[in-house]
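Presented below is the structure to which this report refers.
The values are calculated or read from the model by the stated rules, or taken from the named source; none is laboratory data. Small disclaimer: the values here were computed from a predicted structure and weren't measured. Neighbour counts are summed over all protein chains in view; Cβ atoms, including those assigned to glycine, are modelled from backbone coordinates with ideal geometry.
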Amino acid sequence: MPCCPNGSSSSNSSKTTSLAGPARPARKKTVVIGLGNDLLGDDAVGVLVARSLQERLRGKADVIETAIHGIALLDLFIGYQHAVLVDAIQTGKYPPGKVLEIDPDDLRPVQAPSPHYAGLPEMLALARQYDLDFPKDFRIFAIEVADPYTIGGQMTPAVLAVIPEVCDRVCQAVAAIPWSE
């Protein structure tokens, strides 16, 4: 008498269930994530860097372009050993096009426009607090921008001009990752 939803009998089933649960997938090596929105002028810089790196990093890193932010970014990082993030930043302290390498440990939460907002510092804190399978090596390249808010706006020439340099720096960072781990 069949007892399973698909009509098979449990005594004839060849499937076995492990008491340890499903096997954990192997960790992937490296991810490069370009953040931004290509409809918002200078905010597109991270996305354009990612697009430029697709071929150069083929077989060396997964390259992702995305406009998501905050806690939702966790899904993109989980399972990787190493990560490089490229994004626009507007500090007002540097001229547009200045490339900054930011230590993730130096990131501090900022006053958000909404209590529902969570940024990169909050994402990193959550990953640490819950011991998530987050990259042990995490590098951030931020490009100072002039206007990341104008819909349909043109990119600042200095920001556009620095994309090849950022691509080279990301490639150097990926090349420096030891492959024997």
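In the list VAL45, VAL84, VAL49, which residue meets the criterion of being buried (at least 22 other Cβ atoms within 10 Å of the Cβ), outside any helix (DSSP H, G or I) and not small (Gly, Ala, Ser)?
VAL84
Inspect all residues belonging to region 109-120 and state whether any of them is in a loop (DSSP other than H, G, I, E, B), at pLDDT 95 or above and surrounded by 15 or more Cβ atoms within 10 Å (Cβ to Cβ).
No, because not a single residue in region 109-120 is in a loop (DSSP other than H, G, I, E, B), at pLDDT 95 or above and surrounded by 15 or more Cβ atoms within 10 Å (Cβ to Cβ).
Among the residues of region 52-67, are any at pLDDT below 90 and within 19 Å of LEU124 (Cβ to Cβ)?
no
Please identify the pairs in which a residue from region 143-159 that is over 22 Å from LEU85 (Cα atoms) has its Cβ atom under 7 Å from the Cβ atom of a residue that is in a loop (DSSP other than H, G, I, E, B), counting only partners at least 6 apart or on another chain.
From residues that are over 22 Å from LEU85 (Cα atoms), the pairs are THR150/LEU40; ILE151/LEU39; ILE151/LEU40; GLY152/LEU39; GLY153/LEU40; GLY153/ASP147.
Does region 145-153 include one or more residues that are touching a helix residue (DSSP H, G or I) at 6+ places or on another chain (Cβ under 8 Å), assigned to a strand (DSSP E or B) and not hydroxyl-bearing (Ser, Thr, Tyr)?
Within region 145-153 (the criterion being touching a helix residue (DSSP H, G or I) at 6+ places or on another chain (Cβ under 8 Å), assigned to a strand (DSSP E or B) and not hydroxyl-bearing (Ser, Thr, Tyr)), the answer is no, since none of the residues qualifies.
When you go through (1) at pLDDT below 95; (2) under 21 Å from PHE134 (Cα atoms); (3) touching a Pro at 6+ places or on another chain (Cβ under 9 Å); (4) among the aliphatic types (A, V, I, L, M) one by one for LEU74, which number turns out not to apply?
The one condition LEU74 does not meet is (3).
State all residues of region 154-165 that are in contact with a Leu (Cβ under 9 Å, 6 or more places away or on another chain) and part of a helix (DSSP H, G or I); if no residue qualifies, say none.
LEU160, ILE163, listed by residue number.
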